[in-house]
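Undergrad: I have a structure here, written as structure tokens, and I will follow up with some questions on it.
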Amino acid sequence: MEESNSTHLTTVAFVPSKHGARSTAIILQLPAGEEKDPNAVPEVIIKENDQEHPSIRPNVTSDEETHIIISSGSGTGKAEVFYEQAVKPILETLWPEGHMNFLTHRTESVSTIQELTSDIFFPTANAGITLRIILLTGDGGIVDLVNGFLSQPPSSNYKAPQVVLLPLGTANALYHSINVSNPHQNTWGLRALCFNASQEAQRKPLPIFTASFSPGARLLTNEARDEEALPQDPKSGRPILHGAVVASWAMHASLVADSDTAEYRKFGIDRFKMAAKEALYPADGSPPHPYRASVSVLHGSDWSPLPEKEHMYVLATMVSNLEKPFCISPRSEPLDGSLWLVHFGPTSGDEAMRVMGLAYQGGKHVEDPMVRYEEVDGLRIEFQEKEDRWRRVCVDGKIVRVEERGWVEIRKEERRVLDVVVE
Ligand SMILES: Nc1ncnc2c1ncn2[C@@H]1O[C@H](COP(=O)(O)OP(=O)(O)OP(=O)(O)O)[C@@H](O)[C@H]1O
């Protein structure tokens, strides 16, 4: 692939030409003056090319069903313009006729993706049909899909759908972690859009985990003004939630929860740092809250309790980067299925900022003596907090409030639910 720094053009693919040239080039260009803005939506240039042979030959089969999800509530609301400006012209070039059969869905509420999954995607995958889902969302889109697909028992024909991730959320942890060493990370997943997703080499199963909760756990929605029952595990009847990115409690969960308001969302990625400052430097000048719980980690089939009874940071993750520059788990490899614990105890606001600042330096926090960093098979937290706000758990951005004396248990999930198209 060609890249030109002076003109800010990146060629993502050469496809067979319809007009006599050797190939048609699909090129991304950033608007003038916006080359350094990571949020600037690129423009797509489609150009006949006499020099290069096609780098891909798009599949033209009728036994593949393609759906496109445009999430209007994700990130700073750029999914629609990104679709019109970048995705649509590429799909029209790759599949001049076929793209007319692609089904486009726009989110209308927080439950749109789960509804689409139960009504359309799951029955299609369950009938053994090859399903490709092009997702213009943040991490929330993928977690909604995963939970939707896991909400019903699969048939023996179930075929894991292929998902093309286009990072239109705020943090896009999964996208950045999958593409952590991809030199074309700035192409917004549009190279993956050009691949033939039916080729095995071009896709990988998405590793996931399951968080099970004590019976009183509730999902907080609508900026925590409302609460909902969680899905139930059909065997145990316990409330559950699946994730692919992160399960956390204490400082991380609190700042995700506190910053998930329309007001904070306007600030894009800075909303996490703003909420962190508020949590670490309470207005009354007191030190940050010491979160009380018994925490245990699972290795194989053995649970061992951590010695600390008070905590500040308790987080289990399946990805390396929670934001592009924020490397929470430097030893996680893309889609390797490992689960890592990052933990530290109560400390001052300044110390917590210093340690978290090291994560922005390629994950150096894990070398700090304050931080416990280890691979685990599971994590269990038994809460010992009276106030609701100290019992909030984050699963891939969703917030669950656990009842007094309740608990959460996180374990890796073995089922292959969906595959991600990788570059
Ligand atoms: N039209 C809509 N109305 C209400 N809520 C919506 C709408 N579209 C999307 N949402 C919700 O907005 C949230 C967006 O989450 P998503 O993770 O995709 O973006 P994000 O939080 O900005 O990014 P990230 O999780 O990567 O930081 C989801 O909970 C989704 O269900």
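The values are calculated or read from the model by the stated rules, or taken from the named source; none is laboratory data. The shown structure was predicted, so the numbers you read here are calculated from the model rather than taken from an experiment. Here the Cβ positions follow ideal geometry from the backbone for every residue, glycine too, while neighbour counts run over all protein chains shown.
Undergrad: Suppose we filter the stretch 379-423 for residues that are more than 25 Å from P288 (Cβ to Cβ) and either among the aliphatic types (A, V, I, L, M) or surrounded by 23 or more Cβ atoms within 10 Å (Cβ to Cβ) (or both); how many remain? Before you say what the answer is, go through the steps one by one.
TA: Within the stretch 379-423, the first condition is being more than 25 Å from P288 (Cβ to Cβ), and the residues that meet it are 409, 411-423.
Then keep just the ones that are either among the aliphatic types (A, V, I, L, M) or surrounded by 23 or more Cβ atoms within 10 Å (Cβ to Cβ) (or both); that gives 417-418, 420-422.
Residues meeting the conditions: 5.
Undergrad: May I ask you to say which residue of L298, L322 is part of a strand (DSSP E or B), surrounded by 14 or more Cβ atoms within 10 Å (Cβ to Cβ) and within 16 Å of the ligand (Cβ to nearest atom)?
TA: Numbers: L298 fails: within 16 Å of the ligand (Cβ to nearest atom).
It is L322.
Undergrad: Six or more apart or on different chains, Cβ atoms under 8 Å: show the pairs whose first residue is in the stretch 303-316 and in contact (Cβ under 8 Å) with a residue 24 or more places away in the chain and under 23 Å from F209 (Cα atoms) and whose second is in a strand (DSSP E or B) and basic (K, R).
TA: That search, which allows pairs on different chains as well, returns W303/R380; L306/R372; H311/R292.
Undergrad: Going through E84, E80, E92, E97 one at a time, which residue ends up being within 16 Å of the ligand (Cβ to nearest atom), surrounded by fewer than 20 Cβ atoms within 10 Å (Cβ to Cβ) and not assigned by TED's automatic domain parsing to the domain that holds I269?
TA: After ruling out the rest, the residue left standing is E80.
Undergrad: I would also like to ask the following. Checking the structure you have, find out if any residue of the stretch 114-122 is more than 27 Å from N59 (Cβ to Cβ), away from the ligand (no atom under 15 Å from the Cβ) and of a type in the set (A, V, I, L, M, F, W, C). Write out each step before concluding.
TA: To start, the set of residues in the stretch 114-122 that are more than 27 Å from N59 (Cβ to Cβ) comprises 114-115, 118.
Pick out the ones that are also away from the ligand (no atom under 15 Å from the Cβ) and you get none.
Checking the stretch 114-122: not a single residue is more than 27 Å from N59 (Cβ to Cβ), away from the ligand (no atom under 15 Å from the Cβ) and of a type in the set (A, V, I, L, M, F, W, C).
Undergrad: To continue, here is another question. Give the residues of the stretch 157-179 that are polar (S, T, N, Q), closer than 16 Å to L136 by Cβ and within 13 Å of the ligand (Cβ to nearest atom), sorted by residue number.
TA: Within the stretch 157-179, T170, N172 qualify.
Undergrad: Separate question: If you take the residues in the stretch 60-74 that are buried (at least 17 other Cβ atoms within 10 Å of the Cβ) and under 19 Å from Q202 (Cβ atoms), which one is nearest to the chain's Cα centre (by Cα)?
TA: I68
Undergrad: Scanning the stretch 265-286 for residues that are among the basic types (K, R) and more than 19 Å from the chain's Cα centre (by Cα), which turns out nearest to the ligand (Cβ to nearest atom)? Give the derivation first.
TA: Narrowing the stretch 265-286 to residues among the basic types (K, R): 265-266, 271, 273, 277.
This time we only want the ones that are more than 19 Å from the chain's Cα centre (by Cα), so: 266, 277.
Details: K266: 11, K277: 18 Å.
Among residues in the stretch 265-286 that are among the basic types (K, R) and more than 19 Å from the chain's Cα centre (by Cα), the one nearest to the ligand (Cβ to nearest atom) is K266.
Undergrad: Next question, about the same structure. Output the number of residues of the stretch 124-165 satisfying the condition of being closer than 16 Å to H242 by Cα, of a type in the set (S, T, N, Q) and more than 21 Å from the chain's Cα centre (by Cα).
TA: 1
Undergrad: Can you name the residue in the stretch 66-103 that is out of contact with any Phe, Trp or Tyr (no Cβ under 8 Å at 6 or more places or on another chain) and β-branched (V, I, T) and, of all such residues, is modelled with the lowest pLDDT?
TA: Among them, the one singled out is T76.
Undergrad: Okay, next question. Checking A262 against (1) among the small types (G, A, S); (2) away from the ligand (no atom under 14 Å from the Cβ); (3) surrounded by fewer than 22 Cβ atoms within 10 Å (Cβ to Cβ), which test does it fail?
TA: Every condition holds for A262 apart from (2).
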